[in-house]
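What follows is one structure encoded as structure tokens, with my remarks underneath.
Please treat every number below as a calculation from the coordinates, not as lab data. Since the model is a prediction, treat every value here as computed from it, not as a measurement. All Cβ positions, even for glycine, are placed from backbone atoms using ideal geometry, and neighbour counts span all protein chains on display.
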Amino acid sequence: MSTFLNISVYKFTPLAELVPLRDRLREFTVARGLRGTILLSPEGINLFVAGQRDDIAALLGELRAVPGLEDLAPKESPSDEQPFNRMLVKIKQEIIAFGVPGIDPARRPTAKLPARTLKQWLDEGRPITLLDTRNDYEVRLGTFRGARAAHIDHFREFPAAADKLPAELKHQPIVMFCTGGIRCEKAGPYLEQAGFTNVHQLDGGILKYFEECGGAHYEGECFVFDRRVGVDPALRETKSVLCWNCQMPLTEPEQRDPRYVPDVSCPHCFGVKTVGTPRREER
């Protein structure tokens with residue numbers, strides 16, 4: 001039986017008095033033995049936290065008492081071990097770094113497409129473009145069949161990548177997706193500002209799709225930003241790992257490559273000393 005409950009949830013809503021809120025949440029989560037990250041900003045909240053079910057429930061009660069956060073509805077997944085090293089509560093300018101002024105998901109959101117509706121459209125073979133807004137190292141672990149990758153290393157690169165999309169896509173149906181939905185909250189309005197007229201975002205991202213539709217039309221696993229590295233369509237931890245040297249996620253077959261030496265190298269960085277930084281949370 002799994003010991004820990006992992007939750008992830010975000011909400012774009014104006015938040016004020018962030019310093020006392022940060023201090024209160026820091027004290028509350030540490031007292032409950034929770035670990036993970038809570039990001040607060042004037043535009044909203046983004047969090048990934050794991051702990052015992054009762055403690056997670058208490059945290060959600062504390063958060064839902066904050067004006068604007070009453071309807072928080074997290075995505076859940078189990079794990080046998082605590083996937084986070086520590087508890088962080090931070091104040092940021094943005095809850096997901098994008099760097100484009102004027103993008104306001106709380107007031108001007110992109111249309112959301114429920115997971116079951118996307119599956120239905122794919123079952124029917126509708127002519128849509130699936131646009132993966134995640135980073136290349138995430139895409140390589142798995143994505144929807146036939147999806148178009150943004151080919152970026154960091155979400156801040158998305159605007160430049162979007163500007164290179166073919167002009168003929170501007171009036172064709174696009175369904176964009178990411179891990180949990182938050183990146184699409186900003187990517188969608190950016191596309192609409194750029195003249196794309198038929199844009200949807202997968203509500204809840206890949207993780208919500210897995211929860212409601214399993215692995216239909218999806219190939220591989222989903223990269224997650226904690227020690228689990230990847231989860232399968234049943235939301236179970238896979239055996240993928242991160243290379244210590246370059247931080248590239250490695251599947252089981254790649255771990256059998258002779259160039260993979262734990263704490264030294266992998267097929268992607270063999271012979272090169274890089275010591276990359278840990279992957280940032282961009283769900």
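Descriptive notes on the structure:
- All lysines inside 25 Å of LYS164 as judged from Cα atoms, apart from same-chain residues fewer than 8 positions distant: LYS112, LYS186
- If you take the Cα centroid of the range 67-81 and the Cα centroid of the range 92-163, the two points sit 21 Å apart.
- Charge dipole magnitude, Cβ of K and R +1, D and E -1 - the chain, Cα centre, debye nearest 20: 320
- The range 115-196 - Rg and Dmax from Cα coordinates, angstrom: 12.3, 34
- Between LYS273 and ALA57, full extension at 0.36 nm per residue minus the direct alpha carbon distance yields a gain of 73.4 nm.
- Cross-link table LYS119/LYS170; LYS75/LYS170; LYS208/LYS273, entries beyond 28 Å C-alpha to C-alpha: LYS75/LYS170; LYS208/LYS273
- Within the chain, CYS178, CYS184, CYS213, CYS222 have no other Cys Cβ under 4.7 Å of their Cβ and so lack a disulfide-compatible partner by this rule.
- Since only GLY204, PRO189, VAL19 are under comparison, the one whose Cα sits farthest along the positive direction of the charge dipole of the chain, derived from C-beta charges on Lys, Arg, Asp and Glu, is VAL19.
- Between ASN198 and HIS154, the contour length at 0.36 nm per residue exceeds the Cα-Cα span by 13.4 nm.
- Where only alpha carbons of the chain are counted, the Rg and the Dmax (Å): 18.9, 54
- Short to long, the 10 Å bins of the Cα pair-distance histogram for the range 4-91 hold 18, 58, 23, 1 percent of all pairs.
- Virtual spin-label span in nm between ALA106 and ALA73, 7 Å along Cα→Cβ: 2.0
- Just so you know, the Rg over Rh for the range 65-145 is 0.99, from Cα atoms, with Rh as the Kirkwood radius.
- Relative compactness, the range 170-250, computed as alpha-carbon Rg over 2.2 N^0.38 Å: 1.28
- Contact order relative to length of the chain, as percent, for alpha carbon pairs under 8 angstrom and 6 or more apart: 16
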